[in-house]
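Just so it is clear, none of the values below were taken in a lab; they were calculated from the coordinates. Treat the numbers as computed from the prediction; the structure is a model and nothing was measured. Cβ atoms come from the backbone with ideal geometry, glycine included; neighbour counts cover every protein chain shown.
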Amino acid sequence: MRYLPHTGEDVASMLRALGARTLEALFENIPRECRRETALRLPEALTEWELDDHMARLAGSMAAGGGWEVFVGAGCYEHHIPALVPALVGRSEFVTSYTPYQPEVSQGTLQAIYEYQTLVTRLLGMDVANASMYDGASALAEALLMAVRITGKKKVVVSRLVHPLHRQVVRTYFSPTGGEVVELPLLEDGTTDPGPLEEMDTFAAVAVQSPNFMGCVEDLGGFAALAHEKEALCIGSFTEPLAYGLFKSPGSLGADIACGEGQSLGVPMSFGGPGLGMFACKAPHMRSLPGRLVGKTVDREGRQGFVLTLATREQHIRREKATSNICTNNSLCALAAAVYMAALGGTGFRELARLNRDKAEYLKARLEAAGCPTRFRAPTFNEFVARCPEGFEKKHRDLLGRKIVAGLRLEPYYPELSGHYLFCATETKSRESMDLLVSEMAS
Amino acid sequence: MKEIDELDLPGNLRYAKDHEWAELRDGKVRVGISDYAQDQLGDVVFVDLPEVGASFGKGEQFGFVESAKAVGELFMPLGGEIVAVNQAVDDSPELVNQSPYTDGWMVEVQPSDPGELDALMTNEAYRQMLEDLE
Amino acid sequence: MTEFSGTSGLIHSEPLLWEKGRPGRSAFSLPRRDVDFSPPDEGLVGKGPEFPDLSELEVVRHYTRLSQWNFAVDTGMYPLGSCTMKYNPKLHEKYAALQGLSGAHPLLPGSLSQGALCLMHTLERFLAEITGMDAVSLQPAAGAQGELAGMLLIHAYHKRKGEQRTKILIPDTAHGTNPASAALCRYRPVAIRSGENGILSARAVEGLMDEETAGIMVTNPNTLGLFEEEIRQIAAVVHSRGGLVYCDGANLNAVMGMVDMGRCAVDVLHCNLHKTFSTPHGGGGPGAGPLCVQKELAPFLPVPRVVETPDGYALSEDFPLSVGRVHAFYGNFGVLVRAYAYILTMGAKGLKKASQMAVLNANYIKERLKGTFHLPYDRPCMHECVFSDKFQRVHKVTTLDMAKRLMDYGFHPPTIYFPLIVHGALMVEPTETESKEQIDLFVEACKAIAAEAHQEPELLWEAPRRCKVRRMEEAAAARHPCLSG
């Protein structure tokens, strides 16, 4: 077995050094009642070649690549990832290295993550970013818990236009805290209704996603002003950070914390994970941040270097008083995002953002003309909601046979939006493929 | 780290079992952490102190002190109201290591019961306590 | 004279990303524009991010140089206790990158995701079999999140019975994530001391367990590398007062194919796929922390769950007692792919042998180093052993100094200063993928360092000297944090 180097001689020689007669002897003190009575019931070990076939079969059954056109975003986005990203991120010095607790032998990871933190602060308009969290959903939950810690208030407010699955995770994290999670309704134009917030007086934070689940850009500046009036924090969340190559960043609009899903930035969709929880805040809240932080410093000879810092916030020191329980994070995905942002550059990022918007606007117009009106008036980025004709559910199923996934049905998430579908068109959708979608839908 | 007999434990101060020292100055009591505490913590990086006006009972936590690798909770050696906070340790936490009894002081307390000061240990008793800990 | 692998060599310095580049450069092939411009309202448009513009070679050289400053499993041994830094098979990278898997959207209709759902369902069954539990959720994205989900599950279980318990028992040897996860569930951790022999006693648990206590969080084998021999009796005590037993499965690598956690009377446990199941650490993550439970607790598992229907596999949220979701989608699927491939490659015999070799390697190190470093618990260990700094302290050499010196010899240091109950702890876990020669070399390096501690301690105080940087000014970094450029 190629991962197990010990030969019979090695084992014999080592047992002799231990004065043990058999391997079994090393497990003598485990009570018999705790032991397995039978061998593990698992399939027989496969050779590499058999496993190749098996995995190819599993992969082949999926609607990915091979001519599939999937017009779905909803928190996970298809973007082109340049070959240099996996080539660099796949280097085994990055992949097989450990958490950089010993900085002298981890400067590669540490500088790369320091750079990632910096790029994130620039993208989100914030002062400090952490070294990643699991995904946008848990990042939002942690942001709300952080706001509760900072303000001492237990109630939090979340827009109903924040991704439904993110809101579910928030509820899970809040369930043992006794804190209330209040939802803000949506307005006709596809943005969040600030009305109920104006009536509220004590809450820790309000979280608004922009672009929101319907793809619409929110008035985050208005929510920030309102929250600050009430001595609460404003959390700007996102699922598509590419939008900030075009639209104003949450920080520039007054958000205190910005958090969300960074998968769009060079991380493959991979059936929903691993993703990338991005998390950043303004300077005054730095010591309340969850997650790891890389700081710049010098070594004892004055050489520039990097080190994990402010570790006293974290579980391995503060234990039950830590800002979070997070230990392992999504570091390699953060690295991928940094490489992706470096490859695109500031100029490229803006161009790619514009292209995404324009692709979706094209599809929007063509669908309107084909009898699927856009549901919400508010400006959108690379996804939008269209009302599809009666009986579209069947058409949607038929299109699967043509290798087209025509949007995401919204009714399971928003019962009042039956007959409505969320369409996404990123830079990966050619004009041709969009024209084909529309003509197939119309036929 | 220092040996117990290498520690500086001034005779004019009183000591609490959680390693705070207390010094009576014009009816108010100045509080900080002992040479033992700063030596155990290592390089202090951050001190979290309360606002002036806050009140705490004897033994209550009033703040914490952090080094790169550890956190020490600060407990009131006696009860009272905080009447002064040392801003200098905010900007230069290393003062706690360099001068724990002078420039590295932390808070000044208006004691609610001056008798509580007498219940604290002398430097000899504190040194003995540290020896028993080892 | 023994030749150790740590040596010198020319490596390149590399500036920060934004210290490079020129406006207008690019390393990205922008897709062809085949649609018209459709600019939004000017008032909404932002400045865009201030990123440097770099050419492709600039980006490639930057990250290639950075990678060369890292120690990694592929370059050398990491004897890190409780981390299980075993070899990460390259084959798994290929599978995770298969277009059908890496390019799959999570919200595809079920009929178009059968491969992924089949993989997940099968992996759940594999983990249930390996741990001896009945039902599994693959959703938690890391061990700590598995612990959180476990705590939520225990909380939900008590709530359903109409109880609101407030405390949880946690051994003094526990990993920091344990009390942190318990605190997120508003449980107050109550410390329980391990015995003189390094393990928990049912008697000690008896003294603390009451109807206010939700349960106990054990790690088995524990962080001293010892099997909790009284686990069944401890579970009996906890169960008799209505509590549940949570097991942190970080150390599962010691017992695969030999121990059945279900028979140990554990109710809930999490595994760490990035430890026991060979998925790579990635410089800090991503990992995965699947949660495994006894069948009565299955209804509380996070949703959605993968179910088998006559038409194939499907995702179902129809579990009204579920604690909810902890991840937006289904967990770190890309990590699950690697663990799945690992189990299929190893098979039952391979996994058992892996555990046996892991335990053999650790015991061998313990035996060979016990005169060199102080061994606080001189009894057979499992897959890791713990030394203290007692012998070296007299020379004013600390565990930290020894760890730093090991780097000069070409090894990553072991886990240091954990568990907290051992002074200056050095926790060594070689794993089964290290050969006898590699272990012998590690032992020799340790002996050489111990001798230096006695004769030339400056070598340790000044260590490391061969790495790209010397010891960092960590206090300065924390006093005046510089967290972005």
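Quick notes on this one:
- Nonlocal amide H pairs with residue B:68, under 5 Å, H built at 1.01 Å: B:43, B:45
- Under the criterion of Cα pairs below 8 Å and six or more residues apart, the relative contact order for chain C equals 19 percent.
- For residue A:321, the aspartates and glutamates whose Cα comes closer than 13 Å to its Cα, not counting residues fewer than 8 places off in the same chain, are B:73.
- Dividing the helix sum by the residues of chain A, where each DSSP H run of 4 or more adds -39500 (n - 2.57), gives a mean residue ellipticity at 222 nm of -11000 deg cm²/dmol.
- Here residue A:198 and residue C:29 are evaluated by their C-beta separation; at R0 = 51 Å the FRET efficiency comes out at 0.60.
- Taking amide hydrogens as placed 1.01 Å from N in the peptide plane, the amide H of residue C:425 sits under 5 Å from those of C:417, C:418, each at least 5 positions away in sequence or on another chain.
- For segment A:45-60, backbone phi angles converted through the Karplus equation (6.51, -1.76, 1.60; θ = phi - 60°) give residue-by-residue couplings of 4, 9, 6, 4, 6, 5, 5, 3, 5, 4, 5, 4, 5, 4, 5, x Hz, Gly and Pro being listed as x.
- Among C:457, C:430, C:402 - extreme Cα towards positive end, dipole of segment C:348-479, charges at beta-carbon: C:430
- Legend: ranking of residues A:81, C:192, B:4 from fewest to most surrounding C-beta atoms inside 10 Å; resulting order B:4, A:81, C:192.
- By DSSP, the beta bridges lying fully in chain A are antiparallel in about 55 percent of cases.
- Of the trypsin sites (Lys or Arg not before Pro) in segment A:3-46, the ones in a loop by DSSP (not H, G, I, E or B) with at most 12 other beta carbons within 10 Å are A:21, A:41.
- Listed residue pairs exceeding 31 Å between alpha carbons, taken from A:359/A:395; A:359/A:403; A:296/A:359: A:296/A:359
- Histogram of C-alpha separations across chain A, 10 Å bin width, %: 4, 18, 26, 23, 16, 8, 4, 1, 0
- Ordering C:87, A:244, C:330 by the number of other Cβ atoms within 10 Å of each residue's own Cβ, fewest first, gives C:87, C:330, A:244.
- Inter-chain Cβ neighbour average for residues B:44-51, partner chain, 10 Å: 3
- Efficiency of FRET between residue B:8 and residue C:211 - r from beta-carbon atoms, R0 60 angstrom, step 0.05: 0.75
- Neighbour-count order for C:161, B:28, A:364, fewest beta carbons within 10 angstrom listed first: C:161, B:28, A:364
- Each residue of segment C:98-105 is assigned a 3J(HN,Hα), and the resulting list reads 4, 3, x, 9, 6, x, 8, 7 Hz, derived from the Karplus form 6.51 cos²θ - 1.76 cosθ + 1.60 (θ = phi - 60°), x at Gly and Pro.
- Longest DSSP-loop-exposure-free segment, GluC sites (Glu not before Pro), chain A, at most 15 other Cβ within 10 Å: A:45-179
- Across segment C:235-245, rounded Karplus estimates of 3J(HN,Hα) from the backbone phi angles (6.51 cos²θ - 1.76 cosθ + 1.60, θ = phi - 60°) give 4, 4, 4, 4, 5, 4, 9, x, x, 10, 10 Hz, Gly and Pro being marked x.
- Reducing segment B:37-69 and segment C:428-465 to their Cα centroids gives an inter-centroid distance of 38 Å.
- Across segment C:91-345, C-alpha contacts under 8 Å between residues 6 or more apart give a mean separation that, scaled by the residue count, equals a relative contact order of 28 percent.
- Cβ charges +1 (Lys, Arg) and -1 (Asp, Glu), total dipole of segment C:91-345, debye: 380
- Distance from segment A:170-193 to segment A:401-435 (C-alpha centre basis), Å: 25
- The protein assembly as shown - share of DSSP beta bridges that are antiparallel (%, nearest 5): 70
- If a spin label sat at a point 7 angstrom from the Cα of residue C:65 along the line to its beta carbon, the backbone N atoms of segment A:114-142 nearer than 15 Å would be those of A:115.
- Proximal lysine pairs, segment C:348-479, alpha carbons under 18 Å, eight or more residues apart or interchain: 14
- Per-residue [θ]222 nm for chain C (sum of -39500 (n - 2.57) over DSSP H runs n ≥ 4, rounded to 500): -10500 deg cm²/dmol
- Sparsely packed GluC sites (Glu not before Pro) within segment C:269-367, loop by DSSP, other Cβ within 10 Å at most 14: C:317
- When you filter the GluC sites (Glu not before Pro) in segment C:46-102 for DSSP loop state and at most 15 other Cβ atoms inside 10 Å of their Cβ, you are left with C:50.
- Projecting the Cα atoms of A:195, A:172, A:401 onto the dipole axis of chain A, where Lys and Arg carry +1 and Asp and Glu carry -1 at the beta carbon, places A:172 farthest toward the positive end.
- Förster-model FRET efficiency, 56 Å R0, residue B:48 and residue A:57, C-beta, rounded to 0.05: 0.45
- Inter-chain neighbour count for A:138-144: the average number of beta-carbon atoms from partner chains within 10 Å of each residue's beta-carbon is 2.
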